[in-house]
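Visitor: Structure in structure tokens, see below.
The values are calculated or read from the model by the stated rules, or taken from the named source; none is laboratory data. What you see is a predicted model; the values in this text were computed from it and never measured. A quick note on method: Cβ atoms are made from the backbone with ideal geometry, for glycine too, and the neighbour counts reach across all protein chains shown. These area figures cover heavy atoms from the full protein model, side chains too; ligands, DNA and RNA do not enter into them. Shrake-Rupley method; radii C 1.70, N 1.55, O 1.52, S 1.80 Å.
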Amino acid sequence: MNPVVAISAFVAVSVATAVIGFYGLRISRTTGDFYVASRTVRPWWNASAIGGEYLSAASFLGVAGLILLSGTDALWFPIGYTAGYLMLLLFVAAPLRRSGAYTIPDFTEVRLDSRRVRRVTSLVVVVVGWLYIVPQLHGAALTIRITTGLPSWVGSVAVVIVVCLTVVAGGMRSITFVQAFQYWLKLTALAVPIVFIALVLAGNGTPAIAEANANPTGLAPSGPYQNISLLVALLFGTLGLPHVLVRFYTNPDGHSARRTTLIVLGLLSVFYLFPTAYGLAGRMFAPGLAEGGRADALVLLLPGRLVGGPAGDMLSALVVAGAFAAFLSTTSGLVVSLAGVISQDVLGGSVRGFRLAALISATVPLGFAFTTDSLALAGSVGLVFAFTASTICPALLLGIWWRGLTDAGAIAGMATGGVLCGGAMVAGAVSGSGTATPAWLAQPAAWTVPAAFAVMILVSRATKARVPRTLTRVMTRLHTPERPLATER
């Protein structure tokens, strides 16, 4: 595509993001504004913002690329991403909002009455956040390189700069406006080009269609274990994503949090229709894009390949704008959640501490992005989900629904899940450098998640004396519904 058009699209979405973010500065004054937007975000706004930050590089680019490579096996990704929110709706959304905490470490400290478990949770949240930011920066690097020919580092650095400006300017209040805008931009950026592609194909006659059994890469189909393990990672991993969970603290009450989650389910269901359509169209009409490691760029390249000309360039520019919206919105959500944790635990919890923590939270993963290679985006994010499902998720679910959880059990379970899943990720990366990665390492959630739950329960039962004295009061707060606000919209 025309590099000038691609750069213009990138600049336009960056400027729009910065302008909306600075608008948030006008109304962000208190600590509550920076951490949780003073708990005044209504369901539709919050649902749009959650959709904006949750639909990351893996969703915008990676899902279509995996469908191009793997066919129907890759459909587990959009199914799992969406179904994870059903789990949130049923088990987490309202109780978490009623906890009154600012961050996940706040919740575990209040629930278990322990500073030690707070410190361990804080460490896990920071690791998860940084692991999740790196694929966003890889996606930005890929997009800049493919569409403009500029060095890859330009995309990563640009995302970090824009995110730091918007987060430092207004915190959660600021990025709520930004992420809500970016969800609708991403949806438009995928929907409009695929509609034009369908119209062009219908009007001009379709190009040669690949054979139904054609496999662009020769990859073997996934087995039952891999599919089950992936689904476990996506379902349970969603329950522990720090940048998603912190969003429920911004709702006015538990009823609003539950309604927000229900709206998000609808928004995600609509969105994932379009990456799926791109993947199927690429597999049918442009299987050659799977070669040379370009599968993740399918969404970026398909309009130019099937439409072509100035119209193809303009449609591609729209997709580029949507892609950068994905990188910016997810990274900003992660940076806010990490800044809240680091600021409260290390820098005193002030607005100034939040801003300094935001800079740290964004720049550290930039260094990792420079020193690591870009993997398949959806696949790398899937591993982050597995890690989250093996650490934060068990502590959160058992903390909300089981009275027997103790601080010793929570720490032991998170440590077990983190070591097992992290070890599997490292071992899989090492073994995959020369040969095919074993399935149990490539998708470890099927055994690391049950192990984390089991250890958490067994150690808690062995340390019954450590059940906090505040248990009844905290559990009553978590599970007593509030009256919904009369002004809710």
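Visitor: Can you run down the residue pairs with Cβ atoms below 7 Å, 6 or more apart or on separate chains, where the first is in region 47-66 and closer than 14 Å to Gly333 by Cβ and the partner is not in a helix (DSSP H, G or I)?
Guide: Nothing qualifies.
Visitor: Identify all residues within region 150-163 that are buried (at least 19 other Cβ atoms within 10 Å of the Cβ), of a type outside the set (A, V, I, L, M) and more than 22 Å from Met314 (Cβ to Cβ); write none if there are none.
Guide: Those that are buried (at least 19 other Cβ atoms within 10 Å of the Cβ), of a type outside the set (A, V, I, L, M) and more than 22 Å from Met314 (Cβ to Cβ): Ser152, Ser156.
Visitor: Residues in region 52-110 that are out of contact with any Gly (no Cβ under 7 Å at 6 or more places or on another chain), closer than 30 Å to Gly348 by Cα and among the small types (Gly, Ala, Ser): how many?
Guide: Here the count works out to 5.
Visitor: In region 302-340, what count of residues is obtained for those that are over 24 Å from Gly52 (Cβ atoms) and either touching a residue at least 40 places away in the same chain (Cβ under 8 Å) or assigned to a helix (DSSP H, G or I) (or both)?
Guide: Step one: of region 302-340, the residues over 24 Å from Gly52 (Cβ atoms) are 304-313.
Right, trim to either touching a residue at least 40 places away in the same chain (Cβ under 8 Å) or assigned to a helix (DSSP H, G or I) (or both) and you get 304-307, 309-313.
The number of residues fulfilling the criteria is 9.
Visitor: Here is a further query. Go through Val449, Val459 for me and flag whichever is open to solvent by 20 Å² or more (accessible area, probe 1.4 Å), modelled with pLDDT of 90 or more and more than 30 Å from Val160 (Cβ to Cβ).
Guide: Just one listed residue meets the conditions, Val459.
Visitor: Also: Would you mind stating whether Tyr249 is within 24 Å of the chain's Cα centre (by Cα), within 30 Å of Ala339 (Cα to Cα), at pLDDT 85 or above and of a type outside the set (D, E, K, R)?
Guide: So Tyr249 does not fit the description; no.
Visitor: Still on this model: Six or more apart or on different chains, Cβ atoms under 6 Å: show the pairs whose first residue is in region 179-208 and over 22 Å from Val320 (Cα atoms) and whose second is at pLDDT below 90 and open to solvent by less than 40 Å² (accessible area, probe 1.4 Å).
Guide: Pairs found: Pro207/Phe285.
Visitor: Another question, then. Can you go through Thr176, Thr166, Thr147 and tell me which one is surrounded by 24 or more Cβ atoms within 10 Å (Cβ to Cβ) and closer than 25 Å to Leu315 by Cβ? Reasoning before the result, please.
Guide: Details: Thr176 fails: closer than 25 Å to Leu315 by Cβ; Thr166 fails: closer than 25 Å to Leu315 by Cβ.
Going through Thr176, Thr166, Thr147 in turn, just one is surrounded by 24 or more Cβ atoms within 10 Å (Cβ to Cβ) and closer than 25 Å to Leu315 by Cβ: Thr147.
Visitor: Now for a different question. What are the residue pairs meeting all of these: first residue in region 227-243, first residue farther than 13 Å from Trp440 by Cα and touching a residue at least 12 places away in the same chain (Cβ under 8 Å), second residue open to solvent by less than 10 Å² (accessible area, probe 1.4 Å) and of a type in the set (Ser, Thr, Tyr), Cβ atoms under 7 Å, and 6 or more apart or on different chains?
Guide: Sorted first by the residue in region 227-243, then by its partner, the pairs are Leu234/Tyr81; Gly237/Thr388; Thr238/Tyr85; Gly240/Thr388; Gly240/Thr391; Leu241/Thr388; Pro242/Ser337; His243/Ser337.
Visitor: Considering only region 93-119, state which residues are of a type in the set (D, E, K, R) and closer than 19 Å to Arg258 by Cβ. Outline the logic, then answer.
Guide: Filtering region 93-119 for residues of a type in the set (D, E, K, R) gives 97-98, 106, 109, 111, 113, 115-116, 118-119.
Result: Arg97, Arg98.
Visitor: If you don't mind, there's one more thing I want to ask. Which of (1) modelled with pLDDT under 90; (2) open to solvent by 80 Å² or more (accessible area, probe 1.4 Å); (3) assigned to a helix (DSSP H, G or I) does Phe181 not meet, given it meets every other one?
Guide: (2)
Visitor: Just wondering, is there one or more residues in region 205-225 that are modelled with pLDDT of 80 or more and open to solvent by 50 Å² or more (accessible area, probe 1.4 Å)?
Guide: Yes.
Visitor: Of the residues Val426, Val419, which is within 16 Å of Thr391 (Cα to Cα) and open to solvent by 70 Å² or more (accessible area, probe 1.4 Å)?
Guide: Going through Val426, Val419 in turn, just one is within 16 Å of Thr391 (Cα to Cα) and open to solvent by 70 Å² or more (accessible area, probe 1.4 Å): Val419.
Visitor: Then there is this: Kindly provide the set of residues from region 41-77 that are under 17 Å from Val232 (Cα atoms), of a type outside the set (D, E, K, R) and open to solvent by 10 Å² or more (accessible area, probe 1.4 Å), ordered by number.
Guide: Listed by number, the residues that qualify are Leu75, Trp76, Phe77.
Visitor: Additional query: Surrounded by 24 or more Cβ atoms within 10 Å (Cβ to Cβ), in contact (Cβ under 8 Å) with a residue 12 or more places away in the chain and more than 27 Å from Val299 (Cβ to Cβ), is that true of Pro105?
Guide: Spelling it out, Pro105 is indeed surrounded by 24 or more Cβ atoms within 10 Å (Cβ to Cβ), in contact (Cβ under 8 Å) with a residue 12 or more places away in the chain and more than 27 Å from Val299 (Cβ to Cβ).
Visitor: For region 431-439, indicate whether the set of residues that are touching a helix residue (DSSP H, G or I) at 6+ places or on another chain (Cβ under 8 Å), open to solvent by less than 70 Å² (accessible area, probe 1.4 Å) and touching a residue at least 60 places away in the same chain (Cβ under 8 Å) is non-empty.
Guide: Yes - at least one qualifying residue is present in region 431-439.
Visitor: Another one. So which helices (runs of 4 or more DSSP H) are wholly in region 40-135 and hold at least 3 residues that are β-branched (Val, Ile, Thr)?
Guide: Because the criterion is at least 3 residues that are β-branched (Val, Ile, Thr), the helices (runs of 4 or more DSSP H) in region 40-135 that meet it are 104-112.
Visitor: Would it be correct to say that Val195 is surrounded by 14 or more Cβ atoms within 10 Å (Cβ to Cβ), at pLDDT 65 or above and either at negative phi or outside any helix (DSSP H, G or I) (or both)? Steps first, please.
Guide: Working: surrounded by 14 or more Cβ atoms within 10 Å (Cβ to Cβ): no; at pLDDT 65 or above: yes; either at negative phi or outside any helix (DSSP H, G or I) (or both): yes.
For Val195, the condition - surrounded by 14 or more Cβ atoms within 10 Å (Cβ to Cβ), at pLDDT 65 or above and either at negative phi or outside any helix (DSSP H, G or I) (or both) - is not met.
Visitor: Based on this model, can you work out whether Ser329 counts as farther than 25 Å from Arg115 by Cα, in contact with a Ser or Thr (Cβ under 9 Å, 6 or more places away or on another chain) and either open to solvent by less than 50 Å² (accessible area, probe 1.4 Å) or among the small types (Gly, Ala, Ser) (or both)?
Guide: Yes, satisfied.
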